[in-house]
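The values are calculated or read from the model by the stated rules, or taken from the named source; none is laboratory data. Computed from a predicted structure; not experimentally measured. These accessible areas exclude ligands, DNA and RNA; they are computed on the full protein's heavy atoms, side chains included. Shrake-Rupley method; radii C 1.70, N 1.55, O 1.52, S 1.80 Å.
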Amino acid sequence: MTKNITIGIDLGGTNIRGVLVNEEGDIIHKLKSKSLVKRGKSVTIKRIFETIQELLDQSGKFPDNIIGIGVGAPGPLDIKKGIIHFAPNLPGWREVPLKKILEDEFKVKVVLENDANAAAWGERCFGAGKGVDNLACFTLGTGIGGGIIIDGKIYHGNNFVAAELGHMTVNRDGPRCNCGNYGCLEAYSSATGIKNRIKDRIQKGVKSHFLTFDNDHLIESMSLKSIFETARMGDDLTQSVVEDAIDYLGIAIANIANILNPEMIILVGGITNEGDTLLNPLKKKVAERALNSNYKFLKIVIGKLGDLAGALGAAALLFENSI
């Protein structure tokens, strides 16, 4: 019977993703369920319980084959104490001792980690960065998160909140970010930032050649894919916003390349579905901005694990001493 199996949970504002995985990264079972955050903290915690229990039930394994549960969660959080201090996308989540709650319920070791760090760790253990000891990962979604691996370990910083790559200032005169600062990378290159900048340009009278925007809801419902497709068709409005998103992401990567000199930059999240349409101009921008000594050996790649990077990384936390 297979030993050394862990459960990985990726807790998000919309979905909970769970995996049952072995040390080689083979997924025995996977599951996605709604986190139901608007119904309150207790409901979401119950959903986490149900997700873990269903994984156990589907696996046909007994609990003594499970060496632990890893959880990737939004923060800020304290990974040592296993407490989520605050999570903007999880209403009512303040000072939640999630590690203790899960250990009390399932009687196994639980490790709590920032969700972006978990995604970086997943790609390092099982994905595009397998075997790479020095890398940075940008999670490009509704917002922008990050994870940094130095000498084969997750870099947490002084109080466990390092690698907020989305809140790197890339333009001091840029638009206001959700964090309250101005000119953050997230304000330009996240899905939210891209859509906000489209709205801002429409309000300033810029017209689209191909799209009609009757209200903000229509913009919110647009996919990144459709925005990029419209830009490729030559639409001035979306093209300028997309070009800025790529340019500022390139500036941020160049900054990380110059500061950390990593071997690899991994990109994960919805925008990476653009593939070479994203990578080719992005690499050109990084080459312009980074020192040649830092750029010429740098690999910039798209992650291989997709939506499961966080869950797989959380599971892998139990296999290696990453903390």
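Numbers at a glance
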quantity	calculated
Å³ per residue enclosed by the Cα convex hull of the stretch 1-59	70 Å³
Debye log10 I(q)/I(0) at q = 0.06, 0.08, 0.15 Å⁻¹ for the chain, Cα point scatterers	-0.21, -0.37, -1.20
Solvent exposure, largest accessible area first (probe 1.4 Å, DNA, RNA and ligands not counted), of Arg47, Arg289	Arg289, Arg47
Amide H within-cut-off set for Ile28, under 5 Å, with H built and near neighbours excluded	Leu20, Val21, Asn22
Cα pair count fraction exceeding 17 Å, expressed as % - the stretch 86-178	61 percent
Gyration tensor verdict on the stretch 1-142 (Cα atoms; rounded if a/c is under 1.5, prolate if a/b is larger than b/c, oblate otherwise)	oblate
Radius of gyration, Dmax [the stretch 62-121; alpha carbons; angstrom]	11.8, 36
Debye equation applied to the C-alpha atoms of the stretch 65-223, log10 I(q)/I(0) at 0.10 Å⁻¹	-0.48
³J(HN,Hα) computed for each position of the stretch 91-97 - Karplus, 6.51 cos²θ - 1.76 cosθ + 1.60, integer Hz, glycine/proline x	x, x, 8, 9, 6, 8, x
Under 25 Å from the Cα of Lys32 - lysines, other chains or at least 8 residues apart	Lys3, Lys41, Lys46, Lys61, Lys99, Lys100, Lys107, Lys109, Lys130, Lys225, Lys304
Solvent-accessible area per residue for the stretch 141-201 (1.4 angstrom probe, square angstrom)	45 Å²
Fraction of antiparallel bridges per DSSP, the chain only, in percent to nearest 5	60 percent
Ranked order, Val161, Val110 - accessible area, probe 1.4 Å, largest first	Val161, Val110
Carbon + sulfur, % of accessible area of the chain - ligands and nucleic acids excluded, 1.4 Å	47 percent
Residue-level accessible surface for Glu54, protein heavy atoms, 1.4 Å, Å²	80 Å²
Distance histogram in 5 Å bins (all Cα pairs of the stretch 185-323, percent per bin)	2, 9, 17, 18, 16, 14, 11, 7, 4, 1, 0
Euclidean distance between Cα centres, the stretch 1-44 to the stretch 249-284, Å	28 Å
Value at 222 nm in deg cm²/dmol, rounded to 500, when DSSP H runs of n ≥ 4 in the chain each add -39,500 (n - 2.57)	-11500 deg cm²/dmol
Rounded to whole Å, sorted largest first: equivalent-ellipsoid semi-axes of the stretch 220-281, Cα gyration tensor	25, 12, 10
Cα point-scatterer Debye curve for the stretch 98-140, base-10 log of I(q)/I(0) at q = 0.16, 0.23, 0.25, 0.31 Å⁻¹	-0.54, -0.75, -0.80, -1.00
